[in-house]
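**Student:** One structure is given below, represented as structure tokens, and several questions about it will come after.
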Amino acid sequence: QPSLAWEKQGLRRWDVWLKACLLLAAVGSVIIAVAAAFHPGITTECGPEVTRTTSLVRAPVKAVFLLDASGSVSDAMWEAEQRATVAIIQAFEEVYASDKDRLHLGVAQFSTDASWEVGLSVDHEAVKAVVLRMEQESGGTQFAKALSLCSSKLAGYSTAAGAFEVCVLVTDGEAQESPAELEGILSPDTTLMGIYVGDSAASGEKLRAITSCGGEDCRFYASASNFAELSAKATDVAQAVTQGLEESRTTEYFVYHCEGEPWWTLWALVGVAPVALWWVYLHAPRPGVPWCCRPHKHQDPIRLRAAGGPERV
């Protein structure tokens with residue numbers, strides 16, 4: 001039975017527990033005395049000292065570039081459009097220099113229909129490579145299918161949940177649909193930026209009317225007379241899209257200012273431990289030890305016979 005085993009080992013005796021507690025108290029007292037006597041002493045000044053720093057980081061962005069591949073775009077213009085798109089992507093990378101993993105980019109082209117070229121990804125080099133080798137499909141100029149494709153791809157991309165979503169539509173002409181037909185295709189949480197390339201003010205205003213512009217000074221609309229000029233404006237486009245997309249991040253640093261280690265305390269423990277162990281060896285009860293292993297005094301049989309005592313064999 002457990003209680004009987006404890007009793008045989010002497011663990012039910014009050015004096016055994018009292019001696020053990022006194023021994024631990026003595027060891028603790030020695031350690032405290034040594035710690036108080038030597039540097040740095042008993043103090044809480046060693047730390048930790050908590051330092052909090054707040055920095056601004058770029059909020060995650062999911063951007064889909066919709067490139068006009070209609071018949072009005074000549075071969076030379078198509079190549080210039082590809083280079084301008086790469087220049088805008090590079091400008092985005094410069095803006096997100098330290099937070100590139102928060103920049104998710106995808107590309108599609110549209111004309112009469114819309115086709116997905118490269119899925120949303122943070123591998124910007126792969127995205128740029130796909131843009132430069134895209135083959136123009138040609139056809140009419142229909143925005144609806146392009147916007148619908150952008151909306152579905154953004155909704156189906158679960159990475160970077162809560163990111164700023166934007167469709168960047170680049171075109172040199174007017175949509176064949178009316179503004180009413182294009183209304184409601186994109187989610188209310190998705191921003192539409194329009195980039196008009198051409199010299200028709202009327203076409204530019206029609207594109208601006210369907211973008212997410214809310215006033216005269218709108219950062220979600222840009223124009224250029226040609227794609228070469230658009231390449232030169234790439235930085236302005238990237239900064240306009242990402243304007244205000246910062247969020248604060250707080251970092252905590254825990255610093256300990258102790259000068260040197262409390263080795264004296266450890267050496268005191270090394271010096272006291274052997275004495276404590278020897279005391280336990282001398283005073284701890286040892287029931288159940290075989291007779292052959294118990295210490296006993298040597299008894300002379302001749303002296304026992306002379307004294308009339310029993311002789312032990």
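**Student:** Name the residues in region 68-83 that are among the hydroxyl-bearing types (Ser, Thr, Tyr) and either open to solvent by less than 20 Å² (accessible area, probe 1.4 Å) or assigned to a helix (DSSP H, G or I) (or both), would you?
**Tutor:** Residues of region 68-83 among the hydroxyl-bearing types (Ser, Thr, Tyr): 70, 72, 74.
Listed by number, the list holds a single entry, Ser70.
**Student:** Is it the case that Glu174 is acidic (Asp, Glu), at pLDDT below 90 and closer than 22 Å to Lys145 by Cβ?
**Tutor:** Here the answer is yes, as Glu174 does meet what is asked.
**Student:** Checking the condition of a type in the set (Gly, Ala, Ser), assigned to a helix (DSSP H, G or I) and at pLDDT 75 or above, which residue from Ala36, Ala26 passes?
**Tutor:** Ala26
**Student:** Could you check how many residues of region 50-85 are within 30 Å of Tyr253 (Cβ to Cβ) and among the hydroxyl-bearing types (Ser, Thr, Tyr)?
**Tutor:** Residues meeting the conditions: 4.
**Student:** Show me the helices (runs of 4 or more DSSP H) entirely contained within region 142-227 in which 2 or more residues are open to solvent by less than 70 Å² (accessible area, probe 1.4 Å) and of a type outside the set (Asp, Glu). Step through it out loud before you land on a result.
**Tutor:** On the way: elements: 143-156, 179-182, 201-210.
The helices (runs of 4 or more DSSP H) meeting that bar are 143-156, 201-210.
**Student:** Residues of region 215-233 being more than 29 Å from Gly162 (Cβ to Cβ) and modelled with pLDDT under 85, which ones?
**Tutor:** Glu216 - this is the single residue of region 215-233 that is more than 29 Å from Gly162 (Cβ to Cβ) and modelled with pLDDT under 85.
**Student:** Please enumerate the residues belonging to region 109-141 that are charged (D, E, K, R) and either loosely packed, with under 15 Cβ neighbours inside 10 Å or not in a loop (DSSP other than H, G, I, E, B) (or both).
**Tutor:** Listed by number, the residues that qualify are Asp113, Glu117, Asp123, Glu125, Lys128, Arg133, Glu135.
**Student:** Further question on the same structure: In region 234-254, which residue that is open to solvent by 70 Å² or more (accessible area, probe 1.4 Å) and of a type outside the set (Asp, Glu) is farthest from Cys167 (Cα to Cα)?
**Tutor:** Step one: of region 234-254, the residues open to solvent by 70 Å² or more (accessible area, probe 1.4 Å) are 236, 239, 243, 246-250, 252-254.
Subsequent filtering for residues that are of a type outside the set (Asp, Glu) retains 239, 243, 248-250, 253-254.
On the way: Gln239: 15, Gln243: 15, Ser248: 25, Arg249: 27, Thr250: 31, Tyr253: 39, Phe254: 43 Å.
The selected residue is Phe254.
**Student:** Could you tell me whether any residue of region 40-61 is in contact with a Ser or Thr (Cβ under 8 Å, 6 or more places away or on another chain), open to solvent by 10 Å² or more (accessible area, probe 1.4 Å) and at pLDDT 90 or above?
**Tutor:** Taking every residue of region 40-61 in turn, none turns out to be in contact with a Ser or Thr (Cβ under 8 Å, 6 or more places away or on another chain), open to solvent by 10 Å² or more (accessible area, probe 1.4 Å) and at pLDDT 90 or above.
The values are calculated or read from the model by the stated rules, or taken from the named source; none is laboratory data. Keep in mind that this is a model prediction, so the values were computed, not measured. In this analysis, Cβ positions are derived from the backbone assuming ideal geometry, glycine residues included, and neighbour counts consider all displayed protein chains. Heavy atoms of the whole protein, side chains included, go into the accessibility calculation; ligands, DNA and RNA do not. Shrake-Rupley method; radii C 1.70, N 1.55, O 1.52, S 1.80 Å.
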